[in-house]
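Below: the structure, in structure tokens.
The values are calculated or read from the model by the stated rules, or taken from the named source; none is laboratory data. Source: prediction; values computed, not measured. Every residue, glycine as well, gets a Cβ built from its backbone with ideal geometry; the counts of neighbours run over all protein chains shown. Calculation scope for accessible area: heavy atoms of the full protein, side chains included, ligands and nucleic acids excluded. Shrake-Rupley method; radii C 1.70, N 1.55, O 1.52, S 1.80 Å.
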Amino acid sequence: MLKKILVRKNAYFDSVTLMSLGSKIKKMDGVSQAVVVMATEMNREILKNVGLGNEETEAAGPNDLVLAVEAESETFLSAAFAEIEEKLAGSQDKKKNRDNVYKTQEEALKDGVKANMAVISVPGRFAAREAKKALKNGMHVMLFSDNVTVEQERELKELAREKGLLVMGPDCGTAVVNGTGLCFANKMRKGAIGIVGASGTGLQEVLVQIDRLGGGIAQALGTGGRDLKESIGGIMMMEGIKALDGEEQVKVLVLVSKPPEPAVEETIWNLLRQVKKPVVVCFLEGKKRENLPGNICMASTLLEAAKKAVALEKGVEYTEEIRDRSMEIQKESMDLKPEQRYVRGFFCGGTLCAEALIVLRERLTDLKSNVSHHKGEILEDARDLKGNVLLDLGEDEFTNGRPHPMIEPSLRTEWIVDAAKDSTVGVILLDVEIGYGSHENPAQIAAEGIRQAKETAKEAGRSLKVVAYVCGTDKDRQNLEEQRTILAGEGAILADSNVEAAHLAAQLLGNQKGGKNR
């Protein structure tokens, strides 16, 4: 094996571009390892761990670019670096073709740019500083960056509240502001529904289902996942409620989150009792409330929240409609062997994983997940999967130095194929996200994994079922119907919502709690 390592001083590229490029180079013929990163402390550690670090990379700083490849021959090395140079040059050309590109907020403001929103995606150690600058300059902030301390988050949100501004984040992945999707979002029709959400893919699922049901979005504000913890106090959830309650175009308000901590939850409910507009509250796994004001209703799933919101927007009565697919599922499950009792769920979306866990908890035994906080359900070792397991592959343990699976879904392929080698697995459960920020063709990547998994099972004399859900709208650039067709072409059973996908997985296994297995 030959190695080639280059360090370029003061050559900045954003991390999403670099991680995606690194993943593509690693797939090239003859390439065993490829790392294309800025030389942050964490990335220098990654280079060292994969054997591509040296004295030059150790001396490099966070503004320096590192290109490192290991390949079988000089020919493969040259091809890899030629591809890297071409892609980086293309990225630079795109920047040059934009009318205005600024390196700092100060440059933009000095040039007379009038903005009231800053989207910040920089390493965590710099994120709070940049967010504070934006707030002091009178801008709302969407803080995509993570690794911001709780203390910094609290300080930023208190400053924003004082100034009448919003801080969406840190680690806020989705928002829709005045019809414009930010970061991971979907293209949808405008309407009168306003959402405040403390989850990224959870917010996306509600947005997508609202659009499919014929409803429309006025605003969708993220808060970041820690906002509802007592250490933050739900500051942005409450500021978001106040902002949307005061916005004339918003006729229906929706809240989406995992359960707030008890003291924060009480504060939020006290505020909601002052809101006169119709409100739908979806706190996944949250306790049900009795004697609610007539304008407030609760939803136990993301789909139910969307359905109730659209019914309120349209002024019609909410009805629960459940599609009966029992005959189809019974036929599909006929060729599963008795020992194939378990499901493996590999999710790109953390909240979708959590919602599937809630559904399957009532249907299956021996259930583990890395998103669970329930005693006896917490997954101890992600590399030793046994029984029913749901994995959020977007967790830090899987994305350290690598792109999020919504950006680079090929990271999931090895998990899918490995699951097919387990003779006890009968069903694989997958989510596929499309829209802004997501991979240009995620279904095709998932389909490759499904094909390999089914072939692996077939060679072992078994069948394997795959249930897949595509979270997106018919307006998204990846084309929703094409994505579904690609998955169906590999034999995937398609669901129309995340919650339906979880139910279908349980039905395929026929493994109800307290009942008999198939």
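Each part gets one Cα centre, and for the stretch 267-302 versus the stretch 353-389 those centres are 28 Å apart.
Measuring from a point 7 Å past the Cα of Ala460 along Cα-to-C-beta, which residues in the stretch 386-429 have an amide N at less than 19 Å? Under 19 Å, as judged by backbone N against the label point of Ala460, lie 386-391, 412-429 of the stretch 386-429.
How much area per residue is accessible in the chain when the probe is 1.4 Å and only protein heavy atoms are counted (Å²)? Numbers along the way, then the final one.
Values: 23510 Å² over 518 residues.
Accessible surface, normalised per residue, equals 45 Å².
Amide hydrogen proximity for Gly191: with H placed 1.01 Å from N in the peptide plane, the residues at 5 or more positions away or on another chain lying under 5 Å are Ile217, Ala218. Listed cross-link partners Lys27/Lys421; Lys187/Lys331; Lys258/Lys386; Lys337/Lys386; Lys110/Lys229; Lys288/Lys375 are compared with a 29 Å cut-off, the Cα-Cα value being larger for Lys187/Lys331; Lys110/Lys229.
Projected onto their three principal axes, the Cα atoms of the stretch 1-140 cover extents of 54, 30, 22 Å, largest first. Rounded to whole Å, the principal axis extents of the Cα atoms in the stretch 234-290 read 31, 20, 17, largest first.
Beta bridges from DSSP with both residues in the chain: antiparallel share about 30 percent, rounded to the nearest 5.
Nearest 5 percent is fine: what portion of the DSSP beta bridges confined to the stretch 140-262 is antiparallel? Mind showing how you got there, number by number?
Details: 5 of 18 bridges.
The antiparallel proportion sits near 30 percent.
Values of log10 I(q)/I(0) for the stretch 312-425 across q = 0.12, 0.14, 0.17 Å⁻¹ run -0.55, -0.71, -0.95, by the Debye formula with one identical scatterer at each alpha carbon and no solvent. Working note: 222 nm ellipticity from helices only, DSSP H runs with n ≥ 4, each -39,500 (n - 2.57), summed and divided by the residues of the chain, gives -12000 deg cm²/dmol to the nearest 500. Working from Cα pairs under 8 Å separated by at least six residues, relative contact order for the stretch 363-518 is 21 percent. In summary, no helical segment of the chain meets the span-like criteria, namely a full DSSP H run, a Cα extent along the axis of 30 angstrom or more and a mean Kyte-Doolittle hydropathy of at least -0.5.
For the stretch 100-194, the list of chymotrypsin sites (Phe, Trp or Tyr not before Pro) that fall in a loop by DSSP and count at most 12 other C-beta atoms within 10 angstrom reads Tyr102. Taking every Cα-Cα distance in the chain and sorting them into 20 Å bins from zero, the calculated P(r) comes out as 21, 54, 24, 1 percent.
Where the accessible area of the chain is counted over protein heavy atoms with a 1.4 Å probe, how much of it, in %, is carbon and sulfur?
Working: 11290 of 23510 Å².
Result for the chain: 48 percent of the exposed heavy-atom area is carbon or sulfur.
Annotation: amide H of Ile296 within the under-5 Å range of Val279, sequence separation 5 or more or interchain, hydrogens built in the peptide plane.
The stretch 51-80: which GluC sites (Glu not before Pro) are DSSP loop and have at most 14 other beta-carbon atoms within 10 angstrom?
Numbers: sites: Glu55, Glu56, Glu58, Glu70, Glu72, Glu74; in loops: Glu72.
For GluC sites (Glu not before Pro) across the stretch 51-80 that sit outside H, G, I, E and B with at most 14 neighbouring Cβ atoms in 10 Å, the list reads Glu72.
Note on Met334 and Glu440: their simple-model spin labels are 4.2 nm apart, each label 7 Å out from Cα toward Cβ.
For Asn178 and Thr104, compute 0.36 nm times the residue count separating them, minus their Cα-Cα distance, and round to one decimal in nm. Display every interim value, and only then the final one.
On the way: separation 74, 0.36 × 74 = 26.64 nm, distance 2.48 nm.
Once the chain is fully extended between Asn178 and Thr104, it gains 24.2 nm.
When Rg and Dmax are taken over the Cα atoms of the stretch 7-75, they come to 11.5, 31 Å. Taking the empirical scaling 2.2 N^0.38 Å for compact globular proteins as reference, the stretch 265-308 has a Cα radius of gyration ratio of 1.10. The convex hull drawn around the Cα atoms of the stretch 137-265, when projected onto a plane and averaged over every direction, covers 7.4 nm². Only sites in a loop by DSSP and with at most 13 other Cβ atoms within 10 Å count here; which GluC sites (Glu not before Pro) in the stretch 390-467 make the cut? Answer in residue order: Glu440.
Relative contact order for the chain: what percent, with Cα pairs under 8 Å and sequence separation of 6 or more?
Details: 1023 pairs, mean separation 55.9, N = 518.
Relative contact order for the chain comes out at 11 percent.
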